[in-house]
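Just so it is clear, none of the values below were taken in a lab; they were calculated from the coordinates. All figures in this text were calculated on a predicted structure; none of them were measured in a lab. Reconstructed Cβ throughout: ideal geometry from the backbone, glycine too, with neighbour counts over all protein chains shown.
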Amino acid sequence: MKKVFFGICFVSVLFYLNRGGGEESIENETSDRRTDTSLICNDRTEGLAPFLAEYATGIESEPDKWMYSNKASDYKDCSGMFIRLCEALSEVTCDKYLFPGRTFHSSRALAAWYYRQGELQVITKPMESSDLIQVGQVMFYGQPGTKTPKRLTIDMLSGGSQQGLVGHVGVVVAVDRTEEGELEAYTIYHGRSSGKPAARSIIRKAQNPDFGNWGQPWLAVGPILINNN
């Protein structure tokens, strides 16, 4: 059964990636096709981790196609690649979950969207919050070298009244914990930076004691799957 499940997961991911992830093709997709490829339609969501792994593998197999781009219409920066992932997930979740659309095309706009859903948790003490780092969690990071204020508000994160502190977003696709449950490392899938293709990156506690993304402090977190009640 496991082999069959992973095979279905892999085929579904390839089907989505081969369509190019274009906005028009998604709008033209029929509900019957979404139902046929549904993988994560129960409350346990055991299909999420393998789906994320296969999706990231598919992206990494075509580095030239998914090279970072600041051009808004490309959707190949960090927020754009996250939105593309959400679009792929929306095709395999039986319309059971809410996902941000393409109008939320910045890490700050995405943070504000999660806040409005009541699903954004601000991180002021990362060392005490490592239990929140789980597969399927959306990680929001600050600009490199940003000093995290002791008190954070959504306006400070998303830029409601000033330049927002959030500058990067990625999704946890794997975690590495000791037998005692202590987090040693985690892996995020993300659109990286100029000159680099979207891919997975390993964040090790030994090099990043605050669990940030190499100089980008961890500011907030929320689940990629939000029930569409």
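Where the centre of each part is set by its Cα atoms, how far does the stretch 165-229 sit from the stretch 103-132, in angstrom?
Result: 12 Å between the Cα centres.
Run the simple label-point estimate for S73 and I202 please: 7 Å along Cα→C-beta, distance reported in nm.
Each label point lies 7 Å from its Cα, and together they span 4.0 nm.
Sort 104-110, 119-125, 215-221, 81-87 for me by packing, meaning the mean count of neighbouring Cβ atoms within 10 Å per residue, highest on top.
On the way: 104-110: 20.1, 119-125: 16.9, 215-221: 21.7, 81-87: 24.4.
In decreasing order of mean packing, 104-110, 119-125, 215-221, 81-87 become 81-87, 215-221, 104-110, 119-125.
For the pairs K76/K125; K76/K147; K125/K147, flag any whose C-alpha to C-alpha distance is greater than 24 Å. Mind dumping the intermediate values first?
Values: K76/K125 31 Å; K76/K147 27 Å; K125/K147 13 Å.
From the list (K76/K125; K76/K147; K125/K147), the Cα-Cα distance tops 24 Å for K76/K125; K76/K147.
Using θ = phi - 60° and the Karplus form 6.51 cos²θ - 1.76 cosθ + 1.60, what ³J(HN,Hα) does each residue of the stretch 212-228 get, whole Hz, x for Gly and Pro?
Using θ = phi - 60°, the values come out as x, 9, 6, x, 9, x, 6, 10, 7, 8, x, x, 6, 9, 10, 4, 8 Hz.
Using 7 Å Cα-to-Cβ label points, what is the K150/S193 separation (nm, one decimal)?
Computed distance between label sites K150 and S193 equals 3.1 nm.
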